[in-house]
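> Sending over a structure as structure tokens; questions will come in a sec.
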There are 2 protein chains.
Amino acid sequence: MQDHRFILSSQDIPHAWYNIAADLPELVPPHCHPATGKPLTPDDMKPIFPDSLIEQEVSTERWIEIPDEVREKLAIWRPAPLIRAVNLEKHLKTPARIYYKNEGVSPAGSHKPNTAVAQAYYNKQAGIRRIATETGAGQWGSSLAFACDLFGIECKVYMVKVSYHQKPYRRSLMQLWNATCVASPSQDTNVGRQILAKDPDTTGSLGIAISEAVEDAASHDDTNYALGSVLNHVCLHQTIIGLELKKQLALAEEEVDILIGCAGGGSNLAGIVFPYVKDVLDGRGPKLIASEPSACPTLTRGKYAYDFGDSVGMAPMACMYTLGHSFVPSGIHAGGLRYHGMAPTLSLLHKLGAMEARSYHQNAAFEAGVMFARTEGICPAPETNHAIRAAIDEALKCKETGEEKCIVFNFSGHGHFDLYSYDKYLAGELEDYDLPQGNIDKALGELPVAHVD
Amino acid sequence: MQDHRFILSSQDIPHAWYNIAADLPELVPPHCHPATGKPLTPDDMKPIFPDSLIEQEVSTERWIEIPDEVREKLAIWRPAPLIRAVNLEKHLKTPARIYYKNEGVSPAGSHKPNTAVAQAYYNKQAGIRRIATETGAGQWGSSLAFACDLFGIECKVYMVKVSYHQKPYRRSLMQLWNATCVASPSQDTNVGRQILAKDPDTTGSLGIAISEAVEDAASHDDTNYALGSVLNHVCLHQTIIGLELKKQLALAEEEVDILIGCAGGGSNLAGIVFPYVKDVLDGRGPKLIASEPSACPTLTRGKYAYDFGDSVGMAPMACMYTLGHSFVPSGIHAGGLRYHGMAPTLSLLHKLGAMEARSYHQNAAFEAGVMFARTEGICPAPETNHAIRAAIDEALKCKETGEEKCIVFNFSGHGHFDLYSYDKYLAGELEDYDLPQGNIDKALGELPVAHVD
């Protein structure tokens with residue numbers, strides 16, 4: 001019996017993150033201040049981020065050392081296994097070889113702790129006693145709760161109210177890891193109190209939760225803020241995925257032809273593709289595919305422009321593919337992919353033609369996830385199903401052409417807390433509908449203006 | 001950085017299960033017919049089990065070959081990693097070294113698929129098209145659903161009604177893996193219909209669910225029955241855990257001093273300790289510890305006697321430690337440990353003095369589980385918390401004595417579907433109370449009589 005699991009030892013955890021800024025043909029345009037539209041200065045960010053992360057955000061050094069204390073904590077679950085999906089291959093009768101990098105093995109169940117641990121560490125080093133953040137479905141909140149607990153930092157999570165009530169188990173995880181989780185809007189911030197006074201029954205939104213977390217951080221000297229995707233330093237921390245992958249593919253004696261990730265804010269995709277981008281730009285790398293939901297088609301139907309990072313215009317502007325900060329995607333179950341923008345680095349790559357993007361309706365994505373669960377055993381997160389769908393489609397193309405390609409996708413997380421959505425899918429209750437162009441045009445009509453030289 | 005994860009390759013999956021019957025100083029007394037009290041014949045079992053499993057149930061061969069098809073399916077997640085819990089050690093400031101065998105990495109999240117895959121395979125070989133079983137909280141039902149799906153066997157699960165409604169996500173998992181899951185009592189069997197006619201609002205019980213599954217299997221030619229614990233062949237299939245462990249401890253250059261498992265029906269404990277029992281009987285093995293709940297103290301307060309396998313007297317009698325088949329444990333969250341009996345092989349070992357048993361209240365068990373989640377990152381199943389509690393207590397003893405012992409426990413499963421119970425614990429809402437001796441005496445007064453020569 002051949003071994004289909006490619007496992008590294010703790011020693012193989014990379015000693016440095018790979019900073020793609022060193023190899024891009026042009027710099028990512030600077031983030032801009034939401035009020036003035038002018039490039040952000042480090043001083044603008046100091047009230048909510050530690051210096052070390054602000055430096056990483058703008059660094060152009062190719063390699064940034066991973067502190068030993070971070071590697072030690074990552075070793076709780078890393079290196080993440082690379083697994084060849086032989087049972088899925090057999091089921092598809094494809095000549096392609098399909099591999100997945102299983103980021104679902106982390107304590108919180110996704111790739112998010114890769115950056116949460118690093119961010120908690122740097123905040124601890126900076127003497128920060130407390131971190132505030134927002135969370136939608138709870139993936140990021142639970143990851144940061146876990147990381148903060150490891151370093152003895154207090155963690156306050158503002159969780160969108162509707163999810164707070166609908167997803168009690170992610171909230172339980174946060175509490176298990178010592179975090180305080182409140183439904184947002186809450187009585188704990190000015191912005192929360194104001195919104196509740198106007199509309200006590202509001203279900204909340206990610207935009208409101210961000211506002212509460214940022215206010216909390218900005219108004220407490222001992223408190224910082226942390227973000228789980230989009231920003232350069234977040235994508236940087238995720239490159240550990242692709243760096244491990246390179247070692248594992250060498251063990252498997254493979255060269256990847258097609259590299260796939262699902263794309264919401266972009267951090268899991270960035271993590272797996274960035275270490276391959278230089279090869280792609282040099283014309284000898286794999287095909288890179290971003291797989292996003294048709295309900296939130298940022299790369300496939302959005303515009304490359306400056307836009308606010310949040311939905312209310314309080315967060316800095318970034319130059320990125322966006323559907324407009326006022327765009328409201330329908331309530332698909334892949335909550336982690338419902339973001340109007342895309343990481344600026346990934347956006348630039350897409351603009352440069354280095355990466356392909358495609359979108360899938362959720363029934364197509366769930367169909368792929370169910371096939372995966374029934375062949376490979378693991379139940380994937382609804383977000384991850386988008387990557388699986390693209391991998392299966394590529395494998396089926398190989399079946400037609402007879403090509404024996406090597407396909408690798410990032411298995412960004414498990415679906416143990418998303419089984420309700422599988423019930424809906426299996427009961428035939430998920431609806432797909434075509435997003436009217438008017439919805440996108442309207443939101444794109446409300447883009448802010450940046451003032452960059 | 002030292003490596004604390006001991007990972008084997010697919011080739012290291014054992015080629016044979018270890019049958020402890022070959023090395024016991026006396027034979028496990030035969031199972032007896034529930035109606036006549038006389039030893040069961042193979043013919044008694046043929047209506048519900050395939051011949052191969054009936055043979056395994058009574059075999060005294062030391063090694064029983066694992067079919068290649070079973071090893072291939074086990075390779076979807078096995079070998080399970082052995083991990084040194086360095087963060088827990090540091091937290092406890094113990095000189096002991098603590099290792100755990102992580103059976104939570106299986107698709108269903110526990111050790112149960114180890115036997116589910118084997119049982120599904122042998123039933124498939126015997127031409128069986130369909131398997132019926134019962135499940136309480138859903139661990140066994142979801143494991144069998146997964147295994148049946150791998151071999152293209154239909155699976156019907158009778159799930160205790162109260163759990164069916166309280167634990168919808170385990171039910172979702174079964175459906176994801178193509179099983180049909182109904183609330184028991186159901187309209188699908190005579191026994192179910194009779195009970196519903198008398199009491200339409202009954203919450204159901206494991207005893208009723210077993211009765212329904214056995215009736216289903218016995219009344220359909222193409223259908224067999226499968227059990228997830230207690231029986232000899234089930235414990236046999238679990239020995240893969242201890243066999244892998246031996247290889248991994250050799251890699252770690254360790255010899256285990258104390259080996260621990262939680263004990264409900266006994267299969268995860270049997271799986272990890274059986275391969276060490278011959279050494280124990282020869283006076284040179286590790287200390288073996290069974291950790292059970294104080295609410296269901298089968299080994300610590302039960303009697304070694306013949307008793308029915310189920311709670312209503314329809315299933316065969318086995319010679320084992322029992323609290324009496326009519327004993328009803330309180331509703332602790334470790335549902336998998338709420339069984340009145342104990343695997344006959346483990347029971348014999350305990351009677352022979354080869355294994356120590358202890359019991360813990362659930363607050364003590366959850367305290368250990370929370371400490372584990374906050375140091376090692378993984379949220380354990382409530383059942384597993386009993387093993388963790390015993391491991392921590394042994395490590396704390398080492399702290400007092402300064403002994404550098406090697407402690408290994410079986411991490412039988414993760415707690416992703418049990419977070420509600422953590423909420424209750426963290427809110428201080430779990431109650432511990434001392435089980436009155438009268439409850440046990442009453443149930444032990446109702447033991448059946450076996451007629452063995």
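> Starting from the eigenvalues of the Cα gyration tensor, five times each then square-rooted, give me the equivalent ellipsoid semi-axes of region B:296-404, largest first, whole Å.
29, 18, 10
> Separate question: Using a simple charge model, +1 on the beta-carbon of Lys and Arg, -1 on the beta-carbon of Asp and Glu, nothing else, what dipole does region B:1-152 show about its Cα centre, in debye to the nearest 20?
700
> Can you list the residues of region A:335-377 whose accessible area drops by at least 20 Å² going from the chain on its own to the full set of protein chains, with a 1.4 Å probe?
Residues of region A:335-377 that lose at least 20 Å² of accessible area once the other chains are added: A:Ala373, A:Arg374, A:Glu376, A:Gly377.
> Would you be so kind as to identify which of A:Ala427, A:Val234, A:Ala390 lies farthest towards the positive end of the dipole of chain A, taking Lys and Arg as +1 and Asp and Glu as -1 on Cβ and the Cα centre as origin?
Sorting the options by dipole projection puts first A:Ala427.
> Using the Karplus curve 6.51 cos²θ - 1.76 cosθ + 1.60 with θ = phi - 60°, what ³J(HN,Hα) values do you get for each residue of region B:441-448, in whole Hz, with x for Gly and Pro?
So the J values, rounded to whole Hz, are 4, 4, 5, 5, x, 10, 5, x.
> So for chain A, averaging the separation of alpha carbon pairs under 8 Å that are six or more residues apart and normalising by length, what relative contact order in percent results?
20
> Next up: Can you give me the orientation-averaged projected area of the convex hull built on the Cα atoms of the protein assembly as shown, in nm²?
That works out to 36.8 nm², a quarter of the Cα hull's surface.
> While we're here: Suppose every K and R has +1 on its Cβ and every D and E has -1 on its Cβ; what is the size of the dipole of region A:294-379 about the Cα centre, in Debye to the nearest 20?
Dipole size: approximately 140 debye.
> Here is a follow-up. Let me check something: with ligands and nucleic acids excluded, how do A:Leu426, B:Leu40 order by accessible area (1.4 Å probe), largest to smallest?
Per-residue accessible area, sorted high to low, gives A:Leu426, B:Leu40.
> What area, in nm² and to one decimal, does the C-alpha convex hull of region B:171-238 cast on average over all directions?
5.8
> Give the percent of DSSP beta bridges with both residues in chain B that are antiparallel, rounded to the nearest 5.
35
> Hey, quick one: spin label on B:Asp432, modelled 7 Å out along Cα-Cβ, who in region B:388-419 has an amide N within reach, i.e. under 15 Å?
Flagged as within label range: B:388-394.
> Return the carbon/sulfur percentage of the accessible area of region A:29-187, one whole number, probe 1.4 Å, all protein chains in place.
Roughly 50 percent, rounded to a whole number.
> Another question, then. Among DSSP bridges having both ends in the protein assembly as shown, what percentage is antiparallel? Round to the nearest 5.
35
> Give the cross-link partners of A:Lys303 among the aspartates and glutamates, using a straight C-alpha distance below 14 Å as the criterion and excluding same-chain residues fewer than 8 apart.
Partners within reach: A:Asp441, A:Glu446.
> If I ignore ligands, DNA and RNA and count only protein heavy atoms, how much of A:Asp279 is accessible to a 1.4 Å probe, in Å² to the nearest 10?
Rounded to the nearest 10, the figure is 40 Å².
> Heavy atoms of the protein only, probe of 1.4 Å, neighbouring chains included. What is the accessible area of A:Met1 in Å², nearest 10?
Counting only protein heavy atoms, the figure is 80 Å².
> In addition: Mind putting a number on the dipole of chain A about its Cα centre? Charges go on the C-beta only, +1 for Lys and Arg and -1 for Asp and Glu, and I need it in Debye to the nearest 20.
It comes to approximately 660 debye.
> Send over the per residue convex hull volume for chain B, Cα only, as a whole number of Å³.
In chain B, the Cα convex hull volume per residue is 137 Å³.
> Right, here's the next one. With runs of 4+ DSSP H residues as the only contributors, calculate the mean residue ellipticity of chain A at 222 nm using -39,500 (n - 2.57) per run, divided by the residue total and rounded to the nearest 500.
Calculated mean residue ellipticity at 222 nm is -12000 deg cm²/dmol.
> Can you sort A:Ile407, A:Ile195 by 1.4 Å-probe accessible area, starting with the largest?
From most exposed to least exposed: A:Ile195, A:Ile407.
> Please give the total accessible area that chains B and A bury against each other, computed with a 1.4 Å probe and expressed in Å² to the nearest 100.
Adding both sides of the contact gives about 3900 Å².
> Determine the relative contact order of region B:116-215: mean sequence separation of Cα pairs under 8 Å and six or more apart, normalised by residue count, in whole percent.
The value is 29 percent.
> Along the charge dipole of region A:140-213, pointing to its positive end and built from +1/-1 on Cβ of Lys, Arg, Asp and Glu, which listed residue (A:Ser143, A:Val162, A:Ile208) has its Cα farthest out?
A:Val162
> To continue, here is another question. Compute the label zone of A:Asp3 within region B:53-93: residues whose backbone N is under 15 Å from the point 7 Å along Cα-to-Cβ.
B:75-82
> Dipole of region B:1-84 (Lys/Arg Cβ +1, Asp/Glu Cβ -1, origin at the Cα centre): which of B:Ala21, B:Trp77, B:Val58 lies farthest to the positive side?
Positive-end residue among those listed: B:Trp77.
> Also, quick follow-up: For A:Asp222 and A:Lys351 in the same chain, what is the full-extension length gain: residue separation times 0.36 nm, less their Cα-Cα distance, in nm?
My answer for the length gained is 42.5 nm.
> Which of the cysteines found in chain A have nothing to pair with, since no other Cys Cβ lies under 4.7 Å from theirs?
A:Cys32, A:Cys181, A:Cys235, A:Cys262, A:Cys296, A:Cys319, A:Cys379, A:Cys398, A:Cys406
> Let me ask something additional. Summarise the partner chain shielding of A:5-11 as one whole number: the mean count of Cβ atoms from other chains within 10 Å of each residue's Cβ.
5
> Also, I was wondering about something else. Give the accessible area for A:Asp418 in Å² (nearest 10); use a 1.4 Å probe, count only protein heavy atoms, and leave out ligands, DNA and RNA.
Result for A:Asp418: roughly 20 Å² accessible.
> Rolling a 1.4 angstrom probe over the protein heavy atoms, how many square angstrom per residue are accessible across chain A?
35
> Order A:Thr375, B:Thr41 by their accessible area, 1.4 angstrom probe, all chains in place, largest first.
Listed by decreasing accessible area, they come as B:Thr41, A:Thr375.
> Could you tell me the distance between the Cα centroids of region B:1-75 and region A:200-254, to the nearest Å?
What the calculation gives is 47 Å, centre to centre.
> Moving to a separate point now. What is the Cα centroid distance between region B:288-364 and region B:175-198, reported in whole angstrom?
Each part's Cα centre sits 27 Å from the other's.
> Another question, if that's okay. For region A:1-101, what relative contact order do you get, as a whole percent, if you take Cα pairs closer than 8 Å and at least 6 residues apart?
Normalised by residue count, the contact order of region A:1-101 is 40 percent.
> Any of A:Lys246/B:Lys405; B:Lys46/B:Lys112; B:Lys38/B:Lys112; B:Lys93/B:Lys287; B:Lys38/B:Lys161; A:Lys247/A:Lys405 with alpha carbons more than 27 Å apart? Name them for me.
A:Lys246/B:Lys405; B:Lys38/B:Lys112; B:Lys38/B:Lys161
The values are calculated or read from the model by the stated rules, or taken from the named source; none is laboratory data. None of these values were measured; they are calculated from a predicted model. Quick reminder, even Gly has a Cβ in these numbers, built from the backbone with ideal geometry, and neighbours come from all protein chains shown. Surface accessibility is based on the protein's heavy atoms, side chains included, excluding ligands, DNA and RNA. Shrake-Rupley method; radii C 1.70, N 1.55, O 1.52, S 1.80 Å.
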